[in-house]
Every structure is written in structure tokens, then in C-alpha cells.
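The values are calculated or read from the model by the stated rules, or taken from the named source; none is laboratory data. Just so we're clear, the structure is a prediction, and the values are computed from it rather than from any experiment. Don't worry about glycine lacking a Cβ; one is built from the backbone with ideal geometry, like all the others, and counts go over all protein chains shown. Accessible surface areas use protein heavy atoms only, side chains included; no ligands, DNA or RNA. Shrake-Rupley method; radii C 1.70, N 1.55, O 1.52, S 1.80 Å.
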Amino acid sequence: MLGAMTTRDPRAKGLAAFAGLLADETRAACLLALFDGRAWTAGELARHAGVAASTLSEHLDRLVAGGLIAEERQGRHRYVRLADARAAQLVEELAAQVAPGTAAERPRTLRESGAGSAMARGRTCYDHLAGRLGITVTDALASRGLLRRDTGFALTDAGLEWFSAAGIDLHRAGRRPLVRACLDWTERRPHLAGVAGAALCRHALDAGWCVRIGSERAVKVTATGERALSELLGIEARQLR
């Protein structure tokens, strides 16, 4: 019989176990919180997820064992962060498949509404810019011939020169792609990620073009940033507000 002749792929068990790491709302909430690229204490994540510290500890152990987060201890504090860019890419691509605007996601208070608007306007997506800000910057790079989007994302020679002239180092380590497209879950369009996206975001924060606001991943473009992005990419200030 056909069933008797079928050999199950040996990776099936491991894949099912790995998928199970994400099939829990508390663990999913932790992974999404860690998208700000910073290290959180276990206590901070427990409060964010709305669970007891002892409960969260068990979840973190599973995520560490599964390779999705990394941890370090300093004194009595346990700090965790996303393991690497590969883990972040996996989570963000899955998160992008979740349709926004469902009843469960609608803000319940003015504060939640304001926070949601700020996140949609501009935020970090692990280590690169996202939201309308990320899309605006990506569109500006493409319109100036610095970024190709016809057969996937790729920097042109002019694009490489632009990053160099702007003082943004594109140091590549490991196998991470220089550029890649990341589907934006609020805009439903791809923004710039990869080494170039991370370098641009890091420079924007270090140079004071953007500042973090609130307790999540939202960022705001400063007056310095408006001037810089206008001079370097021709982006009008109104597009950044």
C-alpha cells in the first residue's frame, strides 16, 4: 500500500516542535516585544506579557532552547534579546501574515490609540526602520536610483556611493544579505532591511535623526532628521510627521 511505502521526512518532528514555540500567545508577545532590538529583563517581559515571573521563566527557557532568543545574566538580572537577525526575520515574516484591524487589536483607550498611531507612523522592526517612515525612506532611495526593486531589493552602484558619502558603514559580517525586502505589517508594502537597513537605522538614531518615543518600538523624526533626509533624499518634512 502507498501508506506503507511512505517514508516520513526526518525533519518533520523537529519542525513541529519548533512551530510549537510560536503557538503560544505569551511567547509570541515576548518575541514581538524584543523587536525593538534591545535586551529586556525577565521582569520587564513578564509585566509586558501580563504573567507571573515564574511562568515567564518557563517560556523563556523554551525560547532559548529553541534558538529564538539569547540570554545573559548580570547579577540577579536575566536579560534576553532576539538571538540574531535570522530569528528576527523569521518572526517578522510570520507576524506580517496576521491581518491588522481585527476586533481584538482595536485600541481600548486614547493612550492605546496614540501608541498605535505612533507605531504606524514610524518604528523599528528589530534593527531597521518600518512603518510609514520606513516606506518613505525606501521609496526615496528607489526613486533616486539608489535601490532597485524590480527583481528583489538590490543597491545600485549609486546607492553604495550614497551610503558611503552619508558616512553610513555597510560592514558585512556573516551571511546576512546586504539588502532585503521586509513586508511592513501596517503599510502592507516592503521596506528596506538587511545590512543596509540596519546600518541606516543605527545611523539615524546615533546622529539624532530619530529618537525613540514611548515604551515600545515607536520612533519620531527630529528637526535634525527632517533636514538631513531632505538634503540627502529629497523627502519633504510633511512626509515624516
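Worth pointing out:
- Top-ranked residue in the stretch 64-78 [being in contact with a helix residue (DSSP H, G or I) (Cβ under 6 Å, 6 or more places away or on another chain) and outside any strand (DSSP E or B); ranked as surrounded by the fewest Cβ atoms within 10 Å (Cβ to Cβ)]: Gly66
- Residue match in the stretch 154-165 (condition: within 23 Å of Arg86 (Cα to Cα) and in contact (Cβ under 8 Å) with a residue 12 or more places away in the chain): yes
- Tallying residues that are at pLDDT 75 or above and loosely packed, with under 10 Cβ neighbours inside 10 Å within the stretch 79-111 yields 1.
- Residues in the stretch 19-44 that are in a helix (DSSP H, G or I) and farther than 19 Å from Leu94 by Cβ were compared, and the one that is most open to solvent (accessible area, probe 1.4 Å) is Glu44.
- Subset tally (residues that are over 16 Å from Thr138 (Cβ atoms) and open to solvent by 10 Å² or more (accessible area, probe 1.4 Å)) for the stretch 216-235: 11
- Leu147 being closer than 12 Å to Leu233 by Cβ and in contact with a Leu (Cβ under 7 Å, 6 or more places away or on another chain): yes
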